[in-house]
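Notes for the one structure printed next.
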Amino acid sequence: MAKKKVIVSACLLGENCRYDGNAKISNEVIETYKDYEIIPFCPEAPIFGTPRERISVIEVNGDYRIITDDTNRDVTKLLEDEINFFINSNPEVDEIVLKSSSPSCGFGTTPILNQRREVLFYGDGIAAEIFKKKYKSTKIKDEKSV
Ligand code: SF4
C-alpha cells in the first residue's frame, strides 16, 4: 500500500535552512510521521540562500507583502512563484506540518506588521496562505499542534 504523504517545513526535519543558518528540529514531528512519505518544504532557502536577510509580512495599503527587513525589498512574487512551483510538483498530499511564526510557513502564528514594523495581529505566512487555497481538503497544522 502506498504511504500517506506529508509536507513538512524542512527546518523541522533538521535541515539548516533557516535565515540564521540553523535548523529547528522537531523530534516529535519526525516520530509522528515516521510511517509517512515526508516531503520537505522550504521556499526561502532556494531563492535567497542560507544564511540570509530576515523577511516579514507587512500590510501595505490593505495588501500583505513580504519585505526584507534590512534592504526593504518586496520579495512577494519570488516566494509566490517558488511556492506554486512546489505545489505543482506535489499536487496530492494527505497532511501538512508547517513551522510556526515564520513569515513563510507560519499558520495563524506569524506576526503581521504595519509599515512602522509594529505587530497588527498574528496570521498566516505566505506559504500557509497559498496552501490553504490550493490544498483545500488537506489538514494543515504547525509543529506545536502535532
Ligand atoms: S520556516 Fe519555512 S521558510 Fe523558514 S526555514 Fe523553515 S521551512 Fe524554510
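Does K141 satisfy being free of Cβ contacts under 8 Å to residues at least 12 places away in the same chain, surrounded by 12 or more Cβ atoms within 10 Å (Cβ to Cβ) and touching a strand residue (DSSP E or B) at 6+ places or on another chain (Cβ under 8 Å)?
no
So P43 fits all but one of (1) within 16 Å of the ligand (Cβ to nearest atom); (2) farther than 24 Å from N90 by Cα; (3) buried (at least 16 other Cβ atoms within 10 Å of the Cβ); what number is the exception?
(2)
Answer yes or no as to whether I87 is in a helix (DSSP H, G or I), surrounded by 13 or more Cβ atoms within 10 Å (Cβ to Cβ), within 11 Å of the ligand (Cβ to nearest atom) and under 17 Å from the mean Cα position of the chain (by Cα).
no
Quick one: which of R18, R65 is in contact with a helix residue (DSSP H, G or I) (Cβ under 6 Å, 6 or more places away or on another chain), of a type in the set (K, R) and away from the ligand (no atom under 16 Å from the Cβ)?
The match here is R65.
Just checking, how many residues over the range 21-38 are in contact with a helix residue (DSSP H, G or I) (Cβ under 9 Å, 6 or more places away or on another chain) and not in a helix (DSSP H, G or I)?
Of the residues in the range 21-38, 6 are in contact with a helix residue (DSSP H, G or I) (Cβ under 9 Å, 6 or more places away or on another chain) and not in a helix (DSSP H, G or I).
Each reported figure results from applying straightforward, stated rules to the coordinates on display, with no laboratory input. Quantities reported herein were computed from a predicted structural model and do not represent experimental measurements. So basically every Cβ, Gly included, is an ideal-geometry build from the backbone, and we count neighbours across all protein chains shown.
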